[in-house]
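Trainee: Please read through the structure below; I'll follow up with questions.
Where a number appears in this text, it was derived from the coordinates with a stated rule and is not lab data. Not measured: the values here are computed from a predicted model. Heads up, the Cβs are rebuilt from the backbone with ideal geometry, glycines too, and the neighbour counts pull from every protein chain shown.
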Amino acid sequence: VQWNEGGWPPITAGAGPSASAASPFQAAARREERTFFDDFSAPELKPGWQWPQGQEPLIRIEAEPGSRLVLGPAPDQARDLIGAVAAIKTTVGSYTATTLVEIEGLPAGAMAGLAAFGDRENALGLSVGGSKLTVWRRQKNKHDDLTTGVSLDATRLHLRMTAIDGHRFRFAISEDGRTWKKVSEDIDVEGKYLPPWDRGVRVALTVGGAEGATAKFDWLRIEPAAAKVNSK
């Protein structure tokens, strides 16, 4: 940026911003990190985790047995299906998000899930609890269950959300993390209504639906469509 005699700041002699440039102040250049993984092995959450302002969830890192995130809603949000939200921003429109959640021990009516989160009134996702699973959509605070069914007979369940072009979403579950069962079949859940213009869509771990609801998550991984990383 250079200031001209008229007091205006032309950028690159009027050619506009460049797609790339040398790092200033001799800082080392680095590629933007687009793959996210947190196995909750540190005493605190990694930087980047977010939740709705004024609605901080109950969060605890459980070190034994094995590192896990214990997530639950504040008491006044407990009966909301997404009463507790812990989220990571997305960096690309097409990606796959996976997590492993312990569903054994959830109170009756409580559900844990994986969601595309715009805000409290606009989100969509997959939630599981007991033997029930639900793909749901919340638009302008109107909540609809799109698909309901019976989950696998397991105490711990892998959840997968695939985003396509930033607005189409598919969901699947797995007992072992290798063999996946589609939940939404071949139907894409449309998410064009999610509000990206000022907040951005985030991948969220969610818990809620009943008083005293808490769930334990082993990890969260977010991979761009073209990225390949080793599984845990």
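Trainee: Compute the orientation-averaged projected area for the stretch 106-174 from the convex hull of its Cα atoms and round it to one decimal in nm².
Mentor: Dividing the Cα hull surface by four gives the mean projection, 4.8 nm².
Trainee: Order the peptides 164-170, 50-56 from the highest to the lowest mean number of other Cβ atoms within 10 Å of their residues.
Mentor: Numbers: 164-170: 17.0, 50-56: 12.9.
Put in order of decreasing packing, that is 164-170, 50-56.
Trainee: When ranked by the protection proxy of mean other Cβ atoms within 10 Å per residue, highest first, what sequence do the peptides 187-193, 110-116, 214-220 form? Don't skip to the end; give the middle numbers.
Mentor: Details: 187-193: 15.1, 110-116: 26.6, 214-220: 21.6.
Listed from highest to lowest mean packing, they are 110-116, 214-220, 187-193.
Trainee: Write out the trypsin sites (Lys or Arg not before Pro) in the stretch 95-148 meeting two conditions: DSSP loop, and at most 12 other Cβ atoms within 10 Å of their Cβ.
Mentor: Working: sites: Arg120, Lys132, Arg137, Arg138, Lys140, Lys142; in loops: Arg120, Lys140.
Sites meeting the loop and neighbour criteria: Lys140.
Trainee: Okay, next question. Take each of the peptides 152-158, 100-106, 201-207, average the number of other beta-carbon atoms within 10 Å over its residues, and list them starting from the highest.
Mentor: Highest-to-lowest ranking by the protection proxy: 201-207, 100-106, 152-158.
Trainee: Treating the beta-carbon of each Lys and Arg as +1 and of each Asp and Glu as -1, no other charges, what is the dipole magnitude of the chain about its Cα centre, to the nearest 20 debye?
Mentor: 380 debye
Trainee: Another one. Going through the cross-link list Lys182/Lys216; Lys46/Lys182; Lys46/Lys132; Lys192/Lys216, which pairs have a Cα-Cα distance over 28 Å in this structure?
Mentor: Lys46/Lys182; Lys46/Lys132; Lys192/Lys216
Trainee: Here's something else I'd like to know. Only one of the listed values, (1) 144; (2) 279; (3) 172, was derived from the coordinates as volume of the Cα convex hull per residue in Å³; which label is it?
Mentor: Recomputing volume of the Cα convex hull per residue in Å³ here gives the entry labelled (3).
Trainee: Please state the shape class of the stretch 61-104: rounded when a/c is under 1.5, otherwise prolate if a/b exceeds b/c and oblate if not, all from the C-alpha gyration tensor.
Mentor: Verdict is oblate for the stretch 61-104.
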